Amino acid sequence: YTIFDFGEGQTPEMIPKTFMSIGASNKIRIPFVQGKFNMGGTGVFRFCPKDACQLLLTKRNPEINNENKSDVNNSWGFSVVRKIAPQGNMRSSKYVYLVNPETNIPYSFEAEKLFVLPGAFPEKFSRPMAYGSLIKLYEYQLETRNRTNITLDLYNRLSLLMPSLALPIRLYERRT
């Protein structure tokens, strides 16, 4: 599954303080986000096998003006997040993510836009994305009853679980 949004996006330098700041509480007073403790991207890992991973791809919206100019980087940042099951004396799982070992910042590259959005069926990646965030989930396990076309059973289930969404969602089915 791939989740994308056209929100503000993040610079590569901001990723450790936003997407990867698991356990922080910077959203505690915002009522409509999943990541109350910065687990929006990793909250899905409980539905994945023990060695699952996900890809994060994000670029800051160039129209956003930051008064301290710390987010002027116009690159796409990316990382891979992996859940590691408890081993030895560990009491709980931990999450690790890919960074450049020289800078401790996720890797980045320059591109005006990427063709990563779904087009008309059955095109999986034909529309461009100029900024925002994309999370690609690998090995995500849906409940058995929700394995049909996602615009049917999954859509109906999500409608029941999230009746008053603050932001609209759209589902695209691209499996053959």
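The values are calculated or read from the model by the stated rules, or taken from the named source; none is laboratory data. Nothing here was measured: the structure is a model prediction, and the numbers come from that model. Cβ: placed from backbone, ideal geometry, glycine included. Neighbour counts: every protein chain shown. The protein model used for the area step is the full one, side chains on, heavy atoms only, and it has no ligands, DNA or RNA in it. Shrake-Rupley method; radii C 1.70, N 1.55, O 1.52, S 1.80 Å.
Below, the figures for the structure above:
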{"quantity": "Under Karplus coefficients 6.51, -1.76 and 1.60, residue-wise ³J(HN,Hα) of the range 105-110 in Hz, glycine/proline x", "calculated": "10, x, 5, 8, 7, 8"}
{"quantity": "Highest average packing first - 8-19, 92-103, Cβ atoms within 10 Å", "calculated": "8-19, 92-103"}
{"quantity": "Nonlocal amide H pairs with Leu117, under 5 Å, H built at 1.01 Å", "calculated": "Ser126, Arg127, Met129"}
{"quantity": "Sum of side-chain charges, Asn104 neighbourhood, beta-carbon under 14 Å (Lys, Arg +1; Asp, Glu -1)", "calculated": "-1"}
{"quantity": "Solvent-accessible heavy-atom area per residue, rounded to whole Å², over the range 71-176 at 1.4 Å", "calculated": "70 Å²"}
{"quantity": "Solvent accessible area, Å² - Tyr131, 1.4 Å probe, full protein context", "calculated": "70 Å²"}
{"quantity": "Relative contact order %, the range 76-173, counting alpha carbon pairs below 8 Å whose residues are six or more apart", "calculated": "16 percent"}
{"quantity": "Linear extension gain, Asp153 paired with Phe121, 0.36 nm per residue minus alpha-carbon span", "calculated": "9.7 nm"}
{"quantity": "With DNA, RNA and ligands ignored, accessible area of Ser126 (1.4 Å probe; Å², nearest 10)", "calculated": "40 Å²"}
{"quantity": "Unsatisfied cross-links (Cα-Cα over 19 Å) in the set Lys59/Lys94; Lys83/Lys124; Lys59/Lys136; Lys59/Lys83; Lys17/Lys94", "calculated": "Lys59/Lys94; Lys83/Lys124; Lys59/Lys83"}
{"quantity": "Residues Asn100 and Asn74, FRET efficiency given R0 of 22 Å [Cβ-Cβ distance, rounded to 0.05]", "calculated": "0.80"}
{"quantity": "Amide H contacts under 5 Å for Thr2, placed H, 5+ residues apart", "calculated": "Leu137"}
